[in-house]
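Contents: one structure, followed by commentary.
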Amino acid sequence: MASSCRRPEHMAPPDVFYNEEEAKKYSQNSRMIEIQTQMSERAVELLNLPEGQPCFLLDVGCGSGLSGDYLSEEGHHWVGVDISTAMLDVALDREVEGDLVLGDMGHGMPFRPGTFDGCISISALQWLCNADKKSHSPPKRLFTFFSTLYSSLARGSRAVFQLYPENSEQLELITTQAMKAGFSGGMVVDYPNSSKAKKFFLCLFAGVTGVLPKGLGSETSDRAVSNQVQYSGQRSRFKNMKGKSVKKGRDWILEKKERRRRQGRDVRADTKYTGRQRRPHF
């Protein structure tokens with residue numbers, strides 16, 4: 001019973017824990033997919049990207065590409081980094097639209113200075129707080145990661161990490177190494193009064209000192225409930241808001257086909273039947 005409650009990072013290194021069996025859950029478990037999508041949406045919101053402008057983003061710990069799917073739906077281009085070959089294989093099978101890189105975040109980010117307009121990471125950063133090998137030093141690996149990430153980001157951009165800290169010591173370790181690498185910022189906590197809905201987001205600024213966003217539901221416990229409902233209502237992402245196309249509608253399909261053409265993929269020609277709704281058959 002106790003073993004079922006153990007944290008994943010205590011059970012095995014990430015490249016071992018996320019094997020083929022575990023990776024399949026990220027393409028088959030609807031609840032897991034929904035949670036990943038929600039956290040990705042919140043992370044992008046905290047990035048505070050320019051309205052209506054496609055950006056080039058980094059997804060650290062991209063896994064099977066669920067967070068990348070949301071980035072693509074928002075019209076952004078992205079590169080995903082992950083240590084698990086099994087997870088990246090699932091991402092390839094799902095034909096995600098981003099580029100994928102196999103790598104250990106503790107070894108640093110292998111990108112040129114100023115490459116990205118922002119970075120998101122969902123449920124990955126806490127893995128760096130564990131020493132899976134004798135040669136692993138969590139403070140050094142965290143500093144290596146943050147310092148190379150800082151270099152790869154354009155000045156004035158942000159990096160947002162959703163994470164599951166084990167304790168306050170982990171939070172202090174992570175934030176200390178991030179600030180040492182040059183970042184400013186801090187922790188944004190959504191729904192701090194709810195044990196179930198509480199989420200931690202490390203919001204970092206590269207090259208600027210920004211105002212830390214407020215956490216959702218942080219005013220009072222009463223407001224937290226109403227805010228949570230309001231935020232959950234925003235999960236209908238594909239309603240025609242902010243000029244975005246309705247998912248599965250003709251405009252949405254044409255936009256997705258055009259993105260794939262730009263990537264050099266084989267795409268069927270557009271016709272008058274593209275995106276047309278079929279009549280139901282009984």
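The values are calculated or read from the model by the stated rules, or taken from the named source; none is laboratory data. Every value quoted in this text rests on a predicted model; they were computed, and no experiment measured them. Areas reflect the complete protein model, heavy atoms only, side chains present, ligands, DNA and RNA absent. Shrake-Rupley method; radii C 1.70, N 1.55, O 1.52, S 1.80 Å.
Treating each Cα of region 8-206 as one equal point scatterer and applying the Debye formula with no solvent, the log10 of I(q)/I(0) at q = 0.14, 0.15, 0.19 Å⁻¹ comes out as -0.77, -0.90, -1.55. Checked against a 29 Å cut-off, the cross-linked pairs K24/K256; K24/K198; K25/K257; K24/K199; K25/K140; K198/K256 give Cα-Cα distances beyond that limit for K25/K140; K198/K256. Using a 1.4 angstrom probe on heavy atoms only, work out the carbon and sulfur share of the accessible area of region 8-206 in %. Accessible surface attributable to carbon and sulfur in region 8-206 totals 49 percent. Close amide H contacts of G217 (hydrogens built in the peptide plane, cut-off under 5 Å, sequence separation of 5 or more or a different chain): Y191.
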